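Report on the following structure.
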Amino acid sequence: MDESGASASGPPDAATIARWRAELARAARVCVLTGAGMSAESGIPTFRDAMSGLWSRFDPAELASEAGFRANPARVWDWYAERRAGVRRAQPNAGHLALADFAARRPGVLTLVTQNVDDLHQRAGQVDAIWLHGDIGADRWLDRCPRRAPCDPSRAAPGRPPRCADCGNLVRPGVVWFGEMLPDGALDAAERAAAACELMLVVGTSGAVWPAAGLASIARDAGARVLIVNPQASEIDAVAHAVLRGTAAVVLPALLRR
Ligand code: APR
């Protein structure tokens, strides 16, 4: 529902963009939550799209869980290697750049929370971000290294996956898999930012994966205005004051420009 009580969920017209642009310009604290749709126009497939083609015969839990990795480390490593290569080839899109520019222009105003494991926000110049689901470019050990000075996974012996030459520990990607805890402190920081913001902007997420999906409700319950940018319906549309049916690379530059 928008402020007039009517639902605003069509393609964004100039007046709606102008109204929300003014709200964003006025807000002293803005929290932005991004999901896979944020990077779609950079050519990075969403998790579901990434499971197409060769990989479509696997269940997500086989490719993105600790049990799946232990059962078939080479298969899971190869799947992530393909996704990592895609991220390295991709470039930030106009939406990433608009967010980074807004953050630089208005220091201390924007807190960016992302569910994405790519580094496109960072490469667009976004200095701080809360990464809820980890970093696909990072390596870490599958099991805790028992040494007092832990071995460095980047020095593991090459392989699919690389393994520790001393103890055989396997290297795994630094992402959060199904059933795993979010990185220490990340959820707390995100919930604090959602509760403290005046305006929450949610971009390119289906709102189906918790606890990230709950951040918009936290913001709304605390009195914030909530705006969603997504070309399709999401599971949290009802939480928003307005939904702009457009893509990140088109709508964000219009919303966030000077
Ligand atoms: N601009 C904005 N939104 C878009 C665009 C675009 N160009 N293209 C697609 N979308 C929207 C889709 O309509 C959909 O709502 O992006 C959303 C992508 O949904 P998901 O693939 O479910 O991504 P996300 O919500 O980020 O998933 C959350 O689930 O797969 C796990 O850990 C993974 O972080 C991920 C989490």
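The values are calculated or read from the model by the stated rules, or taken from the named source; none is laboratory data. It should be emphasised that the depicted structure is a prediction, and the values quoted were computed from it without experimental measurement. Please note: Cβ atoms are built from the backbone with ideal geometry, for glycine as well, and neighbour counts cover all protein chains shown. These area figures cover heavy atoms from the full protein model, side chains too; ligands, DNA and RNA do not enter into them. Shrake-Rupley method; radii C 1.70, N 1.55, O 1.52, S 1.80 Å.
Would it be correct to say that residue 176 is closer than 27 Å to residue 79 by Cα and at pLDDT 95 or above? So residue 176 fits the description; yes.
Within the set 104, 165, 81, 67, the sole residue that is at negative phi, open to solvent by 30 Å² or more (accessible area, probe 1.4 Å) and not in a helix (DSSP H, G or I) turns out to be 165. Of the set (1) outside the structural domain of residue 55 (by TED's automatic domain parsing); (2) more than 16 Å from the ligand (Cβ to nearest atom); (3) modelled with pLDDT of 95 or more; (4) at negative phi, all apply to residue 125 but (4). Taking (1) out of contact with any strand residue (DSSP E or B) (no Cβ under 6 Å at 6 or more places or on another chain); (2) within 14 Å of the ligand (Cβ to nearest atom); (3) within 22 Å of residue 215 (Cβ to Cβ); (4) free of Cβ contacts under 8 Å to residues at least 40 places away in the same chain in turn, residue 63 satisfies each apart from (3). Determine if the range 199-210 includes at least one residue that is more than 10 Å from the ligand (Cβ to nearest atom) and not in a strand (DSSP E or B). There is no residue in the range 199-210 that is more than 10 Å from the ligand (Cβ to nearest atom) and not in a strand (DSSP E or B). Identify all residues within the range 162-192 that are among the charged types (D, E, K, R), free of Cβ contacts under 8 Å to residues at least 60 places away in the same chain and touching a helix residue (DSSP H, G or I) at 6+ places or on another chain (Cβ under 8 Å); write none if there are none. Matches in the range 162-192: 191 only. Across the range 225-251, which residue is most open to solvent (accessible area, probe 1.4 Å) among those that are near the ligand (Cβ under 9 Å from one of its atoms) and aliphatic (A, V, I, L, M)? That would be 250.
Is there a residue being open to solvent by less than 20 Å² (accessible area, probe 1.4 Å) and under 29 Å from residue 214 (Cβ atoms) anywhere in the range 133-144? Within the range 133-144, one or more residues are open to solvent by less than 20 Å² (accessible area, probe 1.4 Å) and under 29 Å from residue 214 (Cβ atoms).
Do the conditions hold for residue 207, that is, is it among the small types (Gly, Ala, Ser) and outside the structural domain of residue 142 (by TED's automatic domain parsing)? It is true that residue 207 is among the small types (Gly, Ala, Ser) and outside the structural domain of residue 142 (by TED's automatic domain parsing).
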